[in-house]
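Engineer: Just dropping this structure here.
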Amino acid sequence: MLEKFRATLSFIKNNPSFIHNYIIPDTKPLVSTYISLRRIYQLNDFFERKSLNSNYNLNKIPLNKGYLVKKNNSLKKKIHNLIKRISHFSNSLNWKDMQKKSKKPFLITYQLDLTEKKNFDILSLIMEKEIIGIISNYLKQIPVLLEAAIWYSPNKIFQKGRSQEFHLDSEDIKQIKLFLPIKNVTKNTGPLTIISKQETDKIYKNLKKANCKKKFGYPIQNQKFNDNLIMQYKPKIIELTGDVGDIIFLDTCRCLHYGSRPKRNSQPRWLLSLHFSTSQSRELPLWGVKNYDAFKELNFKKFSKDYKNKVLNNLLRFYIANKKHNFYKHSY
């Protein structure tokens, strides 16, 4: 009995994001309350991130939409060079073998290690104002980078009750997943399909009266809703298509969405995915995270402006800690 208790304590100590990630019920009011309390708990971190955000004054992701597709942007050349490299690397991977081992055969992901020098071009792109500035303005603070990955959707399988049905992510009250097409995303390549934030809010309120999973009277966010239930509210369905060089920003905590679905003439979909949250995310541990110096750890060249150095450190603090200690695990 005592040995089992010690094992439990050891598990919690080594997995400091376990308690709030699994014990806090996945409903909007309770997640929102948790995030607010966590801001108080880590007040210095929150205000530093909020203060640094004042350096960015760019067009925002429309709050009523919760998404933005940027075309004809000034970063196209830089993005094309990055995507060319990622595409070449992707072609060298054995995707068929990864698909056999994947828990989601309809979405295979390959994690990119941004602490490796070969991937510093991704960090360089993130630090452009058109990326970090837009995300920071939307989240109202300098974000945390959780993951970078190549996404491959074969578009041959549909599995009911999985992320190919409407759902909301619940790591945070707000977050951004940024997608860069590795190949053009068209209607035939299974684009991410979404409902705007404004319409999602209305649907979520109505779901309190619907036949779905609830906790304390509120719908669980990350449950998978069938189309018939969602479509009875007659929302506008948006397919996030885009060409190589475009930038797609999406708040997956605020917009109902589903992943690639196969059609008669479906083609595979290829994306570079970058996941950003606030530092109050349920995905992140409450304790045990050392404040690593990103420039020292990565041997990354410092910027001439000091605020950019602070931004990068805040962006990568949890990412570097997780690479060393595996504080959180992510599964798409």
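Engineer: Looking at (1) in a helix (DSSP H, G or I); (2) touching a residue at least 12 places away in the same chain (Cβ under 8 Å); (3) of a type in the set (Ser, Thr, Tyr), which one does residue 110 not meet, given that it meets all the others?
Structural biologist: Exception for residue 110: condition (1).
Engineer: Separate question: Which condition number does residue 312 fail, the rest of (1) surrounded by 18 or more Cβ atoms within 10 Å (Cβ to Cβ); (2) in contact with a strand residue (DSSP E or B) (Cβ under 7 Å, 6 or more places away or on another chain) being met?
Structural biologist: Going through the list (1) surrounded by 18 or more Cβ atoms within 10 Å (Cβ to Cβ); (2) in contact with a strand residue (DSSP E or B) (Cβ under 7 Å, 6 or more places away or on another chain), residue 312 breaks only (2).
Engineer: For residue 114, only one of the following conditions fails: (1) within 18 Å of residue 250 (Cα to Cα); (2) of a type outside the set (D, E, K, R); (3) at pLDDT 95 or above; (4) under 16 Å from the mean Cα position of the chain (by Cα). What is its number?
Structural biologist: The one condition residue 114 does not meet is (1).
Engineer: Is there a residue being of a type in the set (Ser, Thr, Tyr), assigned to a strand (DSSP E or B) and crowded, with 24+ Cβ neighbours inside 10 Å anywhere in region 151-169? Let's see the steps before the verdict.
Structural biologist: Here is the first cut: in region 151-169, the residues of a type in the set (Ser, Thr, Tyr) are 152-153, 163.
Filter again for assigned to a strand (DSSP E or B), leaving 152-153.
Then drop every residue that is not crowded, with 24+ Cβ neighbours inside 10 Å, which leaves 153.
Yes: one or more hits.
Engineer: Would you point out which residue out of 299, 291 is in contact (Cβ under 8 Å) with a residue 12 or more places away in the chain and more than 19 Å from residue 45 (Cα to Cα)?
Structural biologist: Details: 291 fails: more than 19 Å from residue 45 (Cα to Cα).
Every option except 299 fails the conditions.
Engineer: Let me ask something else. For the structure I just gave you, tell me whether residue 36 is outside any loop (DSSP other than H, G, I, E, B), among the polar types (S, T, N, Q), at pLDDT below 90 and surrounded by fewer than 18 Cβ atoms within 10 Å (Cβ to Cβ).
Structural biologist: It is false that residue 36 is outside any loop (DSSP other than H, G, I, E, B), among the polar types (S, T, N, Q), at pLDDT below 90 and surrounded by fewer than 18 Cβ atoms within 10 Å (Cβ to Cβ).
Engineer: Out of all the residues in region 175-186, is one or more more than 21 Å from residue 131 (Cα to Cα) and either exposed (fewer than 14 other Cβ atoms within 10 Å of the Cβ) or hydrophobic (A, V, I, L, M, F, W, C) (or both)?
Structural biologist: no
Engineer: Specify which of the listed residues (209, 177) is over 30 Å from residue 79 (Cβ atoms) and among the basic types (Lys, Arg). Please lay out each step first, then the result.
Structural biologist: Numbers: 177 fails: over 30 Å from residue 79 (Cβ atoms).
One residue alone meets the criteria, 209.
Engineer: Quick check on this structure: which one of 241, 252, 193 is within 25 Å of residue 266 (Cα to Cα), buried (at least 22 other Cβ atoms within 10 Å of the Cβ) and of a type in the set (Val, Ile, Thr)?
Structural biologist: Numbers: 241 fails: buried (at least 22 other Cβ atoms within 10 Å of the Cβ); 193 fails: buried (at least 22 other Cβ atoms within 10 Å of the Cβ).
Step by step, each of 241, 252, 193 is checked, and only 252 is within 25 Å of residue 266 (Cα to Cα), buried (at least 22 other Cβ atoms within 10 Å of the Cβ) and of a type in the set (Val, Ile, Thr).
Engineer: Need pairs with beta-carbon distance below 9 Å; first residue within 17 Å of residue 234 (Cβ to Cβ) and in contact (Cβ under 8 Å) with a residue 12 or more places away in the chain and within region 186-206, second surrounded by fewer than 22 Cβ atoms within 10 Å (Cβ to Cβ) and acidic (Asp, Glu); sequence gap 6+ or separate chains.
Structural biologist: Listed pairs, sorted by first residue: 193/239; 194/239.
Engineer: Return the total of residues in region 297-328 being in a helix (DSSP H, G or I), more than 20 Å from residue 133 (Cα to Cα) and not acidic (Asp, Glu).
Structural biologist: Taking region 297-328 and keeping what is in a helix (DSSP H, G or I), we get 297-298, 306-325.
This time we only want the ones that are more than 20 Å from residue 133 (Cα to Cα), so: 297-298, 320-325.
If we keep only those that are not acidic (Asp, Glu) as well, we get 298, 320-325.
Result for region 297-328: 7.
The values are calculated or read from the model by the stated rules, or taken from the named source; none is laboratory data. Just so you know, these numbers come straight off a predicted model, no measurement behind them. When we count neighbours, we look across all protein chains shown, and the Cβ atoms used for this are built from the backbone with ideal geometry, even at glycine.
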